[in-house]
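Read the structure below first, then the notes.
Here, each number is a calculation from the coordinates, and none is a lab measurement. Since we're looking at a predicted model, the values are computed, not measured. Cβ coordinates were reconstructed from backbone atoms using ideal geometry, including for glycine residues, and neighbour counts include every protein chain displayed.
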Amino acid sequence: MTQGRPRFKSDIRIKKDSAKPVVKDDSRPCAVKNCAKPGDCRVPKSRENLSDYVFLCTAHARAHNESWDFFKGMGDGDIERFREEAMFGHRPTWPMGKRTARARNGQGPLHFHDGHAVLDEDDETGQPRRPERQLTRLQIMSMDTLQLAHNATLIEIKARYKELVKRFHPDANGGDRGAEERLKQVIKAYGVLRASGLI
């Protein structure tokens with residue numbers, strides 16, 4: 001490296017942008033007859049087709065907007081129906097629980113035979129189906145502590161817990177602490193079931 005000369009070129013020259021400036025195209029005339037002003041404003045032609053536009057100058061667009069009545073010619077029932085459909089973006093809706101699969105010929109809902117009662121919520125006696133679950137040894141011991149069947153439902157577990165806490169709490173026994181150890185076992189068993197996700 002020679003003295004007095006920089007190692008790197010220090011003057012960076014930036015080229016001027018040679019792109020031409022964007023010129024607004026005013027070639028579209030106003031759609032109103034005998035108006036020579038440019039049609040800068042886009043307005044819908046009718047309420048039936050809001051995506052079909054006509055281009056007007058600012059003055060004619062203002063006059064169009066002031067006189068525009070979307071509901072002109074519609075009855076009260078049509079206006080109310082439009083208002084209700086607008087809440088859902090004019091998409092089809094149906095009452096809760098009424099949307100069912102239709103048969104190919106369009107004759108009512110599609111029925112099928114559920115031979116193994118996989119989708120049934122009730123058992124053969126009409127009672128709610130009991131959950132079928134694999135319990136760990138600790139969960140089985142907790143169910144036994146609460147004096148419950150191993151396939152007890154969530155509602156049964158909570159009801160039994162409340163019942164046993166009321167029964168063994170010292171306040172319910174006149175301050176007698178004789179059942180306090182049993183109360184601790186009940187609380188611990190409920191905590192195990194809760195921690196394991198059964199409750």
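Just rank SER196, SER51, fewest to most, by other beta-carbon atoms within 10 angstrom. Present the calculation step by step, with values, prior to reporting the outcome.
Numbers: SER196 13, SER51 6.
Sorted ascending by nearby Cβ count, the order is SER51, SER196.
What list of ³J(HN,Hα) couplings, whole Hz, do you get for region 75-86 from phi and the Karplus terms 6.51, -1.76, 1.60, once you set θ to phi - 60° and write x for glycine and proline?
Per-residue couplings from phi come out as x, 4, x, 5, 5, 5, 5, 4, 5, 5, 5, 5 Hz.
Given N residues in region 137-195, what is its alpha carbon radius of gyration divided by 2.2 N^0.38 Å?
Compared with the compact-globule rule of thumb, region 137-195 sits at 1.11.
Report ³J(HN,Hα) in whole Hz for each residue of region 38-45, in order, from the Karplus equation J = 6.51 cos²θ - 1.76 cosθ + 1.60 where θ = phi - 60°; Gly and Pro get x.
Here the 3J(HN,Hα) series is x, x, 8, 9, 9, 10, x, 6 Hz.
Please report, to one decimal in angstroms, the Kirkwood hydrodynamic radius of region 27-94 built from all distinct Cα-Cα pairs.
14.0 Å
Can you compute the label reach from ARG47? Point 7 Å from Cα along the Cβ direction, backbone N cut-off under 14 Å, restricted to region 58-90.
67-86
Extension gain ALA149-GLN185, at 0.36 nm per residue separation less the Cα-Cα distance, in nm?
Taking 0.36 nm per residue and subtracting the Cα distance, the gain is 11.2 nm.
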